[in-house]
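Notes to accompany the following structure.
The values are calculated or read from the model by the stated rules, or taken from the named source; none is laboratory data. As the structure is a prediction and not an experimental result, all values here were calculated from the model. Neighbour counts run over all protein chains shown; Cβ positions are idealised from the backbone, glycine included.
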Amino acid sequence: MKKSRFTESQIVSILKEADSGIQVKELCRKHGISDATYYNWKAKYGGLEASELKRLKELEAENAKLKRMYADLALENSAMKDLITKKL
């Protein structure tokens, strides 16, 4: 997937500009983005503050770590069960 030219904090600030009353078309032209990109960002980041965005990223990272840990343990558990059933 292509990496965005904008950081998430920049995206939040662009969305704040739109909330202040600037028309979406002008805003998109000013920042060099399409209308579709603006509305995708609004769906994903709309209503978030920079601190909330940071916390969201931390939670997503922690969730990914926990999922990896679970997958490793599930695989290890499955291997142990296979070993036990082969012994019996």
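If I go through the stretch 30-45 residue by residue, how many of them are exposed (fewer than 11 other Cβ atoms within 10 Å of the Cβ) and part of a helix (DSSP H, G or I)? Full working, then the answer.
Pass one, the stretch 30-45, residues exposed (fewer than 11 other Cβ atoms within 10 Å of the Cβ): 32, 34, 36, 43.
Next, only the ones that are part of a helix (DSSP H, G or I) stay: 36, 43.
Qualifying residue count, the stretch 30-45: 2.
Can you run down the residue pairs with Cβ atoms below 9 Å, 6 or more apart or on separate chains, where the first is in the stretch 23-38 and assigned by TED's automatic domain parsing to the domain that holds residue 4 and the partner is loosely packed, with under 11 Cβ neighbours inside 10 Å?
28/34; 32/5; 33/5; 35/25
Go through 75, 53, 27, 48 for me and flag whichever is part of a helix (DSSP H, G or I), surrounded by 10 or more Cβ atoms within 10 Å (Cβ to Cβ) and out of contact with any Asp or Glu (no Cβ under 8 Å at 6 or more places or on another chain). Step through it out loud before you land on a result.
Numbers: 53 fails: out of contact with any Asp or Glu (no Cβ under 8 Å at 6 or more places or on another chain); 27 fails: out of contact with any Asp or Glu (no Cβ under 8 Å at 6 or more places or on another chain); 48 fails: part of a helix (DSSP H, G or I).
Residue meeting the stated conditions: 75.
So which of 36, 50 ends up being modelled with pLDDT under 90 and either in contact with a His (Cβ under 9 Å, 6 or more places away or on another chain) or under 20 Å from residue 3 (Cβ atoms) (or both)?
Working: 36 fails: modelled with pLDDT under 90.
50 is the lone residue from the list that is modelled with pLDDT under 90 and either in contact with a His (Cβ under 9 Å, 6 or more places away or on another chain) or under 20 Å from residue 3 (Cβ atoms) (or both).
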